[in-house]
Amino acid sequence: MENKKKSSFTGSLGFVLAAAGSAVGVGNIWRFPYLAARDGGGLFLLIYLVLVLTFGFALLATDVAIGRKTGQNAWNAFGSIRPKWGFLGKLTFLVPVLIMTYYSVIGGWIVKYATIYLTGQGEKAAGDSYFMDFITSKASPIVFMLIFLAITAFIVYGGVEKGVEKFSRIVMPGLLLMIIGLAVYSLTLSYTDAEGVTRTGLQGLKVYLVPDFTGLTFSRFLSILLDAMSQLFFSLSVSMGIMITFGSYVKKDVNLNQSVTRIQLFDTGVAFIAGVMVIPAVYVFSGMGGMTQGPSLMFVSLPKVFHSIPGAAGTIVGVVFFLMILFAALTSCVSIMETLVANCMHIFKKNRKQMSLLIGVLSAAASIIICLGYNVFYFEYTLPNGQPAQLLDIMDYISNSFLMPLISLLTCIFVGWVIKPKWIAEEMAIASPGFRREGLYNFMVRYAAPVIMLILFLQSTGLLGRLIALFQ
Ligand code: PFF
């Protein structure tokens, strides 16, 4: 019933673009570089690339194939295959709920920076404490978050995602060109600090690309692995039901092998280049000490890069850059909110307009609390990975580092041992010469993923550390 009302994508390109629109967002440009910088550059990059080619491929193929084969969204898909596993669909729904609470907060930061550059105040943003002063102020982050959220809710309310999709055909390639240009520029940077030490962009590139294994312990390796895996889930929008829903819109004549590869390539490509854009710049202006800044990294380092561009060009680049990333963030946030609205329409039997309003208001309330986490509700909590955290980081950790390994663990047990990988392979082989990398897929879902996800799940709760300590 529900399915008949759904539209489907026009061909493979439409699907790839829509999925890439959801996948490419602040995860690639904000989250990836700060994790890579914090986790030792090259080492994180190496681990991430290995994960993309193995886990990323297996998880994305699983989601998309389940969606297309069942024709259902995540809420119903698992239950429609095996009623006993219906709970898994409900569990995946929790992830977009959690992510929605803080995604629009970051969206608000981007709106703020776009406004600063539009009003020609980029120079201020290049100051060291500007970002901190902004997020710790009481009203401003809330106002900008509400603007971002209102635009998102307006798009979902009007059901105009199709229009947004068309627009993203222009903006996405534009964004890609822009970050390539900035990445090349970053490499040409050079700066001499107060102590007379000169650092160059190319030295920064080395930090980003060359893995440094010195002093690597098992527990540090696990913590980097967990960061990289959480980034993979977040960035590819897998194990959260989104790609299952997208899969359910894909026609049978689309070659899923090819689509999965393209989505991965695009998503990983954007993240990789964003790293080249941000990390050498951080290294040049703040040295190795600047690498551990965490979530503020992009907002502190890029304004310095723009500031170093002579004349008005810096402001123009700043405007265009923040408008483009704003757009990428919007397409992702629309996909998160659309999932919430579509599911709630189905659960509560209400129409799109009612549900968009309700979800919009609830999200605003939750996001206000997250914004206040930097002032009124400020506290310092240490996550099991040792990182200091405020409300935003805690939400991010619960959804990406804790819930998603759990969902992936259960999904892989379900596919690998209950319905068996052949079930997925059959769907992947439609409209293509066969399921490429089937052997790798089988190994991943049956053995590698369940074991690694269990380890990461235990690691995320801090239990693994305690277990290891017991045996030492
Ligand atoms: N993948 C998006 C990004 O990298 O910014 C974030 C995202 C989109 C997360 C959709 C969750 C989601 F449901």
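Every number in this text was worked out from the coordinates using simple rules, so none of it is lab data. Keep in mind that this is a model prediction, so the values were computed, not measured. Neighbour counts are summed over all protein chains in view; Cβ atoms, including those assigned to glycine, are modelled from backbone coordinates with ideal geometry.
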Size of the dipole of the chain about the Cα centre, Lys and Arg at +1 and Asp and Glu at -1 on the beta carbon, nothing else charged, in debye to 20? 1620
How big is the charge dipole of the range 294-439 about its Cα centre, in debye rounded to the nearest 20, if each Lys and Arg gets +1 on its Cβ and each Asp and Glu gets -1 on its Cβ? 420
Alpha-carbon centroid distance for the pair the range 291-331 / the range 161-211, whole angstrom: 10
In what order do Glu426, Glu438, Glu338, Glu380 fall by count of nearby beta-carbon atoms within 10 Å, going from fewest to most? Glu380, Glu426, Glu438, Glu338
Extent along principal axes [Cα atoms of the range 407-472; Å; largest to smallest]: 52, 18, 15
For the range 102-161, one quarter of the surface area of the C-alpha convex hull, expressed in nm², comes to 4.6
Pairs of Cα atoms under 8 Å, at least six residues apart: use those to get the relative contact order of the range 314-464, whole percent. 18
Kirkwood Rh and Cα-based Rg: tell me the resulting Rg over Rh for the range 339-417, rounded to two decimals. 1.11
Arranged by the count of other C-beta atoms within 10 angstrom, fewest first, what order do Phe32, Phe55, Phe327, Phe471 take? Phe471, Phe327, Phe55, Phe32
Below 8 Å, C-alpha to C-alpha, sequence gap of six or more: please give me the relative contact order for the chain in percent. 31
Total charge dipole magnitude, the range 168-301, about the Cα centre, Cβ charges on Lys, Arg, Asp, Glu only, Debye to nearest 20: 420
With Rh as the Kirkwood radius over Cα pairs, the range 191-261 has Rg/Rh of 1.23
Can you give the convex hull volume of the alpha carbon atoms of the chain per residue, in Å³? 146
Can you give me the C-alpha center-to-center distance between the range 66-116 and the range 130-156, rounded to a whole angstrom? 22
Taking Rh as the Kirkwood radius, which is the inverse of the mean 1/r over Cα pairs, what is the Rg/Rh value for the range 224-277? 1.04
What is the fewest-to-most order of Tyr249, Tyr103 by other Cβ atoms lying within 10 Å of their Cβ? Tyr249, Tyr103
Taking the inverse of the average 1/r across all pairs of different Cα atoms in the range 346-472, what Kirkwood radius in Å do you get? 18.3
Taking the chain and counting helices only, DSSP H stretches of n ≥ 4 at -39,500 (n - 2.57) each over all residues, the nearest-500 ellipticity at 222 nm comes to -22500 deg cm²/dmol
Most positive-pole-ward Cα, Pro450, Gln203, Ser8, against dipole of the chain from beta carbon charges: Ser8
Any idea what angle helix 86-118 forms with the longest principal axis of the chain, computed on alpha-carbon atoms, 0 to 90 degrees, nearest 10? 30
Percent relative contact order for the range 226-362, counting Cα pairs under 8 Å at least six residues apart, stands at 14
Sticking to Cα atoms, compute the Rg of the range 17-157 to one decimal and its Dmax as the biggest Cα-Cα distance, whole number, in Å. 19.3, 58
Quick one: which of Lys166/Lys350; Lys69/Lys420; Lys251/Lys420 span more than 18 angstrom between C-alpha atoms? Lys166/Lys350; Lys251/Lys420
If you build the Cα gyration tensor of the range 261-358 and take the root of 5 times each eigenvalue, what three semi-axes come out, in whole angstrom, biggest first? 36, 16, 14
Evaluate the Debye formula for the range 71-216 with equal point scatterers sitting on the alpha carbons, no solvent, and hand back log10 of I(q)/I(0) at q = 0.12, 0.17 Å⁻¹, in q order, two decimals. -0.90, -1.22
